[in-house]
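Below is one structure; the comments refer to it alone.
The values are calculated or read from the model by the stated rules, or taken from the named source; none is laboratory data. Not measured: the values here are computed from a predicted model. Backbone-built Cβ (ideal geometry, glycine too); neighbour counts: all protein chains shown. Note: areas computed on protein heavy atoms with side chains; ligands, DNA, RNA excluded. Shrake-Rupley method; radii C 1.70, N 1.55, O 1.52, S 1.80 Å.
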2 protein chains.
Amino acid sequence: MDIHEYISQNEPRFLEELFSLMRIPSISAQPEHHADMLRCAERWRELLLAAGADTAELIPSAGNPLVFAEKHVADDADTILVYGHYDVMPAEPLELWQTPPFEPVVRDGRIWGRGADDDKGQTMIQVKAFEYLVRHGLLRHNMKFILEGEEEIGSPNLAAFLAEHRERLRCDVIFVSDTSMLGADLPSLTTGLRGLAYWEVEVTGPNRDLHSGHFGGAVANPINVLCEMLAQVVDGDGRIRVPGFYDDVEELPAAERAMLAAIPFDEEAYKQAIGVKALRGERGYSTLERNACRPSFDICGIWGGYTGEGSKTVLPSKAFAKVSCRLVPHQDHAVISRLFADYLQSIAPECVRVEVRPMHGGQGYVCPIDHPAYRAAERGFEAAFGKRPLAVRRGGSIPIISDFERELGVKTILMGFGLESNAIHSPNENCRLDIFRKGIVAVVEALR
Amino acid sequence: MDIHEYISQNEPRFLEELFSLMRIPSISAQPEHHADMLRCAERWRELLLAAGADTAELIPSAGNPLVFAEKHVADDADTILVYGHYDVMPAEPLELWQTPPFEPVVRDGRIWGRGADDDKGQTMIQVKAFEYLVRHGLLRHNMKFILEGEEEIGSPNLAAFLAEHRERLRCDVIFVSDTSMLGADLPSLTTGLRGLAYWEVEVTGPNRDLHSGHFGGAVANPINVLCEMLAQVVDGDGRIRVPGFYDDVEELPAAERAMLAAIPFDEEAYKQAIGVKALRGERGYSTLERNACRPSFDICGIWGGYTGEGSKTVLPSKAFAKVSCRLVPHQDHAVISRLFADYLQSIAPECVRVEVRPMHGGQGYVCPIDHPAYRAAERGFEAAFGKRPLAVRRGGSIPIISDFERELGVKTILMGFGLESNAIHSPNENCRLDIFRKGIVAVVEALR
């Protein structure tokens, strides 16, 4: 049976299996979901066995356990390790979801719910391609699967896990479906990723909340100070002011800039899709360069003082922010983490105390486009989408990709099937059913 | 029976009455406390009758009802109107209270709980002085009491109420106990107050939360923009940059600056009490000038993006802040409100939409120190505290004081007994019992 026929006959089951995962709120950032993490890992274990793995088990780590499955074909065959993650992002703000985040549904040709894409949906594409190949005797490689439960909190325990289980995870190449394409009609493979550094900043002014009438004007307000400090991170040209920040940033090669400029990119449509009148970024770079090949600084969250209804006046004791930088290959997140913390301390006025807590980080990544597995992936995409995929760097971060390279000594092929409209990390995350199907075809063809 | 003896004999009852009010969470800012507002107003009505009022009733307004009570003494006697408020500030953050905010207790010579000072405790001082005078046949003035339930949200309905009930509220002077003294050993009367303008600012970037990896660097983050904009409100000299902001600000007369400079003010102790290493404010002015006689800008609250546990990366759709300016006499809050909103719009970059919503405002106030009722209050304080009180402007705002002057044509004497250590608007609000007693003595002596 060919793969298209196999998909049409089995799709209701594929979806029910995916939904059984999506119904579990496996939110790694929220400790109250600990039991859900275990349920979700166990459910994946069952599904991997059912799909054709010889063995599948949960392996403990210092944090959430990892799901590991194997299928041996031949001693002299190459081994492919598929990595995915079973944890998802928090679903807040809940009121913006059209249907509840953990009650998956199909509507308008899309699967809706947290994890529909990132990364339950995308990992399911890999697993169903594997299932097809096994059941039809077409699998030519030894396969291993490793699914972690802490990707969305920065994989704090993965590097140690890789080091400890290096033998077991030995492979020739890694496949990951956790990135996105330029568009449904613009298939692409990701050849580079940005790194990430993330901090929590706490500014303390007075030792208690003060009456802003009695103290305002004489005592520094920590929210005012936090805003002033964060406003000093990026200059008017969109450049990050942290001394030394750009030291290891390689200027983009002219050839790559030319290739990016040649991508059919409709800036008006891009603005319209996200509802903004104007874009903003580093002077001298295009949008596609800014959002993938250049570093950025985003305040991911901020809070302090009275945030309830009405109009309470207060000069609060504390203000907080969660801030992050996307980094480019060669910038070391540990170095940047220190430089950034030093910079904030250097601009902190004496009237407050500032604490900068590094939360997590990851290195950027570049994949060579002449790698045989990259070429195979290219053929798979071409078979599924009818076009040769573009090779592009993307702006997201998968810090563990560089861990794989360091610990396991192999390259990773980023076979992502996401779309911008999938709204990952946001309310109403979704995945187009037609892309889900094409993804399975692409992986099957790549593995043939 | 002299007033000191009366207080010692009746203090347990005074406290039980005060506690019965403090147990009611009459938080005007939070709609779910609507029934508590009514319970609290009704409890005050009972207590005013019991204290000696001829009549006491609840009068509806467009918002929470007002409590009104009267005691007629003689047609040709002067009439004093006592104003207070029965609503309190929200108690958040609850975890910082040593004992629950709405379970009042006496500990270490202080009354602890929300409203211990602001304004249930202070209004109780007025009511118990009244009770003493009535019960001993010493009351020489006609007395009226008006207690409102919306002071902490800016008294949105009071001006209309005053206009509608002008005849009924007719009086010769108003007494208000809702301010504080310089110190327990530095009795003072408040002769000036700052005005207030308050806004909510909403910055909208993209039409949904975006993945900061895929969009960060190319799309403006509304939290970044909010911080940048708010950081532009005050310049490096601590002056507010809003064009026209200082147009109506009168420079302090040299005599008043000299008087302020002569107040024994220990800046080291002040810093230590609030736990800061350095103070910050407008260049060229002292701390006592900055916190009472000069305008100020405070961000009272800020929120946006991910504020939960862990480290979610997101480029959020929206960011919010609640901001306020304390104003000085002659600055018109309606004018400032417009200037400020115009300024924020003028510095808003094209990449976001900015909405500035005026929340409430109030004018500043100055009281002449040769007013006969001011002189009487001075004598009362001197009798109770053994020192002539200083005449000082304070930094807080009681917008309704200027409403009284405009609508009723009379001056207000600000006989406040608060202390900075009372922590009003903060966790662990409290009131020293000895000051509570002296307050009653001071009011009794002022009214004789």
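Computed from backbone phi, the HN-Hα couplings of the stretch B:95-102 come to 5, 8, 7, 6, 10, x, x, 10 Hz, rounded to whole numbers (Karplus: 6.51 cos²θ - 1.76 cosθ + 1.60, θ = phi - 60°; Gly and Pro given as x). Size of the stretch A:277-422 from its Cα atoms: along the principal axes, largest to smallest, the extents are 62, 37, 30 Å. Size descriptors for the stretch B:135-261: radius of gyration and Dmax over Cα atoms are 24.1, 79 Å. Volume per residue of the convex hull around the Cα atoms, evaluated for the stretch B:1-151, comes out as 105 Å³. Size check on the protein assembly as shown: the Cα extents along the three principal axes, sorted descending, read 110, 48, 46 Å. The average projected area of the stretch B:135-194, computed from the convex hull of its Cα atoms over all directions, is 6.8 nm². Under a Gaussian network description of chain B, with springs only between Cα atoms under 10 Å, the residue in B:416, B:281, B:216 that fluctuates furthest is B:216. Please report, to one decimal in angstroms, the Kirkwood hydrodynamic radius of the stretch A:383-425 built from all distinct Cα-Cα pairs. Averaging 1/r across every pair of different Cα atoms and inverting gives 12.9 Å.
In the stretch A:139-244, which chymotrypsin sites (Phe, Trp or Tyr not before Pro) are in a loop and have at most 10 other Cβ atoms within 10 Å, using DSSP for the loop call?
Qualifying residues, ordered by number: none.
How many percent of the alpha carbon pairs in the stretch B:106-174 exceed a separation of 21 Å? Value for the stretch B:106-174 (Cα pairs over 21 Å): 45 percent.
By the compact-protein rule of thumb, 2.2 N^0.38 Å, the alpha-carbon radius of gyration of the stretch B:1-90 corresponds to a ratio of 1.25. Counting from the shortest, the label point at residue A:342, 7 Å from Cα toward Cβ, is 4.7 nm from the same position in each remaining copy. Placing unit charges on each Cβ (+1 for Lys and Arg, -1 for Asp and Glu) gives the stretch B:97-216 a dipole about its Cα centre, and among B:121, B:145, B:111 the Cα reaching farthest toward its positive end belongs to B:145. Take the convex hull of the alpha carbons in chain A; its mean projected area over all directions comes to 22.7 nm². Counting only Cβ charges, +1 for Lys and Arg and -1 for Asp and Glu, the dipole size of the stretch B:226-309 around its Cα centre is about 200 debye.
Where is the GNM fluctuation largest for chain B (alpha-carbon springs, 10 angstrom cutoff): B:74, B:218, B:423? It is B:218.
Here the Debye sum runs over all C-alpha atoms of the stretch B:170-230 as equal scatterers in vacuum, and log10 of I(q)/I(0) at q = 0.13, 0.27 Å⁻¹ comes out as -0.62, -1.18. Between identical copies, the spacing of residue B:2 label points, each set 7 Å from Cα toward the C-beta atom, reads 11.0 nm from nearest to farthest. With the whole protein complex present, residue A:437 retains an accessible surface near 90 Å², based on a 1.4 Å probe.
Remark: spin-label model distance residue B:13-residue B:57 equals 2.7 nm, labels positioned 7 Å along the Cα→Cβ axis. Between residue B:353 and residue B:235, the C-beta separation translates, for a Förster distance of 30 Å, into a calculated FRET efficiency of about 0.70. The GluC sites (Glu not before Pro) found in the stretch A:130-193 that occupy coil by DSSP, while having at most 15 further C-beta atoms within 10 Å, are A:167. Amide H contacts of residue B:173 (H built 1.01 Å from N, in plane; Pro and chain starts excluded): B:79, B:81 sit under 5 Å, all sequence-distant by 5 or more or on other chains.
When the pairs A:120/A:411; A:312/B:411; B:120/B:411; A:312/B:144; A:318/B:277; A:312/B:322 are compared against a 19 Å limit on Cα-Cα distance, A:120/A:411; A:312/B:411; B:120/B:411; A:312/B:144 fall above it.
Using a simple spin-label model with pseudo-atoms 7 Å out from Cα toward Cβ, residue A:273 and residue B:94 lie 4.4 nm apart. With R₀ set to 45 Å, the beta-carbon distance separating residue B:163 from residue B:283 gives a calculated FRET efficiency near 0.60. Ranking A:34, B:360, B:85 from most to least accessible surface, computed with a 1.4 Å probe over the protein chains only, gives A:34, B:360, B:85. Here residue A:342 and residue B:75 are evaluated by their C-beta separation; at R0 = 56 Å the FRET efficiency comes out at 0.15. Between B:329, B:253, B:389, the GNM of chain B built on Cα springs shorter than 10 angstrom shows B:253 fluctuating the most.
Against the compact-protein benchmark of 2.2 N^0.38 Å, the Cα-based radius of gyration of the stretch B:336-382 scales to 2.22.
Each of A:410, B:195, B:90 was scored by the projection of its Cα onto the charge dipole of the protein assembly as shown, and the greatest displacement toward the positive side belongs to B:195; charges sit on the C-beta of Lys, Arg, Asp and Glu. Using a simple spin-label model with pseudo-atoms 7 Å out from Cα toward Cβ, residue B:335 and residue B:108 lie 4.6 nm apart.
Amide H contacts under 5 Å for residue A:88: A:26, A:27, A:28, restricted to partners 5 or more places along the chain or on a different chain, H placed in the peptide plane at 1.01 Å from N.
Computed about the Cα centre, the dipole magnitude for chain A is approximately 480 debye when only Lys and Arg (+1) and Asp and Glu (-1) carry charge, each at its Cβ.
Amide H contacts of residue B:180 (H built 1.01 Å from N, in plane; Pro and chain starts excluded): B:418 sit under 5 Å, all sequence-distant by 5 or more or on other chains.
A DSSP coil position with no more than 13 other Cβ atoms inside 10 Å describes the following GluC sites (Glu not before Pro) in the stretch B:288-351: B:309, B:350. Simple point charges give the picture: +1 on the Cβ of Lys and Arg, -1 on the Cβ of Asp and Glu, and for the stretch A:117-213 a dipole about the Cα centre of about 560 debye. The HN-Hα couplings worked out from phi for the stretch A:150-160 by the Karplus form 6.51 cos²θ - 1.76 cosθ + 1.60 (θ = phi - 60°) are 9, 5, 6, 10, x, 6, x, 10, 6, 4, 5 Hz, whole numbers, x standing for Gly and Pro.
Selection among B:311, B:221, B:279 by position relative to the dipole of the stretch B:161-317 gives B:311 as farthest towards the positive end (Cβ unit charges, Cα centre).
Using only the Cα atoms of the stretch A:254-342, build the gyration tensor, take square roots of its eigenvalues as a ≥ b ≥ c, and label the shape rounded, prolate or oblate: rounded if a/c is under 1.5, else prolate if a/b is larger than b/c, else oblate. Taking the square roots of the gyration eigenvalues as a ≥ b ≥ c, the stretch A:254-342 is oblate.
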